[in-house]
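To start, I am sharing the structure in question, which I have written as structure tokens.
Values quoted throughout were computed directly from the atomic coordinates according to the rules given, and no laboratory measurement underlies them. For clarity, every value in this text was computed on a predicted model and none was experimentally measured. As a convention, Cβ positions derive from the backbone with ideal geometry for all residues, glycine included, and neighbour counts pool all protein chains shown.
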Ligand SMILES: Cc1cc2nc3c(=O)[nH]c(=O)nc-3n(C[C@H](O)[C@H](O)[C@H](O)COP(=O)(O)OP(=O)(O)OC[C@H]3O[C@@H](n4cnc5c(N)ncnc54)[C@H](O)[C@@H]3O)c2cc1C
């Protein structure tokens, strides 16, 4: 009897299939804690190859785990049941940049930052900006419906997907949507595929909306006495009729870690910090910036760092990136939970996080996208691989997610469910919604070959 490897090299070129240890190892993980080895890795070079592999896998009921850049945060691409790790990273061509139609056509392996750059070069803009944009792929962004700071004003990945080419579980090539900016033909399968975490089909090409690039941007770095004062400022900015392109908030724990790592003078005094970015025409940005400064000082800002040009903005964003490094510098492992709450609950969330920290003795750092309530709540643990620590951390996560859900929030705003949040998915979706998910999965992947073992498999297998 032939092996999986032998079968595959009879179907696609031999150089596209690997079972060498290095490839197997590097395709067994993402940026979460789980790890599981595939039996083979397929490096697909074309839609046709993806279709051939899926048709074969479906016939033989072999699990297929699609992988973009592998920098997901929830073990979405981890091959939990072995089988095929299907990498589309080499399908990385920007096929078309078309300002007349306001769209780009790309293969799934294109790195998000490179697409942004290509659009920027002709004065256009692809706004979704996950912090991982220099590494992650468009296919991965679509499959997780990735977001980022600028999604407050511009929306998440899904809002930019006009059309997709998708290979179905049985290996058929399906086109959904197109290049029209409005399209109400049939069900919105484009949106269904967005965020489907590699469980409903493999995206092999995407037509994405681009918009004219804003002329300029400017920022304010604003310190406040405490978190409630900064949260009040978030609402005051929006109430004043200003829609910032980003509105990021940071709590006292994170600031303390940053001062420890970057030096006490790296940040002005205060136990909360707000970063406000606005963009648009030069004159209006200038005016808005002045108006915002008056507003913010009027409601208790302690200090405002003015960043009127690109270079100064970059310094503030660097500080934001440094918050992550500062937390790493504590020597603890960051369990980054991308929970979302209705914006009115920001203060209660951080108060809850402080209470959780006191009760569990697990430090909790909160910072993130204040404008849309997506506050990354980071449990800082010693060693998540240690069973006792893991048990304590999971118990704390239980409390966090229960609180979030009972306050109208969501357990993930950006990263997805994957394996990381599988234990909480039923609670989060509710019985009827979970069953509907399973029915959709059954209709689109009856043999359950696409990403099995993840959040739709009620198998009691967690990590
Ligand atoms: C430092 C860091 C910062 C991050 N910041 C953010 C952030 O700000 N916002 C955010 O949203 N996320 C963020 N993430 C998470 C991650 O980068 C995103 O989830 C990203 O979209 C993953 O892309 P990827 O190409 O690495 O996907 P992978 O990890 O390879 O896969 C992710 C999921 O998508 C599926 N998939 C991948 N490609 C395809 C395809 N072509 N067709 C069908 N399914 C596919 C996989 O099966 C898997 O389920 C961050 C991660 C890191 C490490």
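Give the whole-number value, in cubic angstrom per residue, of the convex hull volume spanned by the C-alpha atoms of segment 5-133.
116 Å³
Rounded to the nearest 10 degrees, what's the angle between the helix 431-444 long axis and the longest principal axis of the chain, both from Cα atoms, 0 to 90?
With rounding to tens, the tilt is 40 degrees.
Round to the nearest 10 and give me the degree value, 0 to 90, for the angle of helix 346-360's Cα axis relative to the longest principal axis of the chain.
Here the helix axis deviates by roughly 80 degrees.
Then there is this: Given the C-alpha centroids of segment 160-174 and segment 175-251, what is the distance between them in whole angstrom?
23 Å
Taking the highest mean first, how do the peptides 450-463, 7-20 order by number of other beta carbon atoms within 10 angstrom per residue?
450-463, 7-20
Could you sort the peptides 200-212, 184-196 by per-residue average Cβ neighbour count (10 Å cutoff), highest mean leading? Show your work: numbers first, answer last.
Details: 200-212: 23.0, 184-196: 15.8.
Highest to lowest by the protection proxy: 200-212, 184-196.
In addition: Ratio to report: Rg/Rh of segment 393-449, with Cα atoms as the point set and Rh obtained by the Kirkwood method; give two decimals.
Rounded to two decimals, Rg/Rh equals 1.03.
Using a 7 Å offset from Cα along Cα-Cβ at residue 284, what residues in segment 209-233 end up with backbone N under 14 Å from the label point?
212-218, by backbone N distance to the label point.
Using the alpha-carbon centroid of each, what span in Å lies between segment 73-133 and segment 6-50?
Here the two parts' Cα centres lie 20 Å apart.
Return the Rg/Rh value of segment 214-326, two decimal places, where both radii are evaluated on C-alpha atoms and Rh is the Kirkwood radius.
0.95
Turning to a different aspect of this structure: Taking the alpha-carbon centroid of each part, what is the distance from segment 311-383 to segment 412-462 in angstrom?
27 Å
Still on this structure, I have one more. When a/c is below 1.5 the answer is rounded, else prolate if a/b is larger than b/c, else oblate, so apply that to segment 161-262 with a ≥ b ≥ c taken from the square roots of the Cα gyration tensor eigenvalues. Mind showing how you got there, number by number?
Values: a/c = 3.10, a/b = 2.12, b/c = 1.46.
It is prolate, given that a/c is not under 1.5 and a/b is the larger ratio.
Taking one equal scatterer on every alpha-carbon of the chain, how large is log10 of I(q)/I(0) by Debye at q = 0.13 1/Å?
Rounded to two decimals, the profile gives -1.24.
If I fit a long axis through the Cα atoms of helix 227-239 and take the longest principal axis of the Cα atoms of the chain, what angle between them do I get, 0 to 90°, rounded to 10?
The two axes meet at around 80 degrees.
Something else now. If each DSSP helix of 4+ residues adds -39,500 (n - 2.57) and the sum is divided by the residues in the chain, what number results at 222 nm, nearest 500 deg cm²/dmol?
Roughly -11000 deg cm²/dmol at 222 nm, from the helical runs in the chain.
Between residue 315 and residue 410, what is the FRET efficiency for a Förster distance of 30 Å, r being their Cβ-Cβ separation, to the nearest 0.05?
0.40
Rank by packing, highest mean first: peptides 306-319, 213-226, with packing defined as the count of other Cβ atoms within 10 Å averaged across residues.
213-226, 306-319
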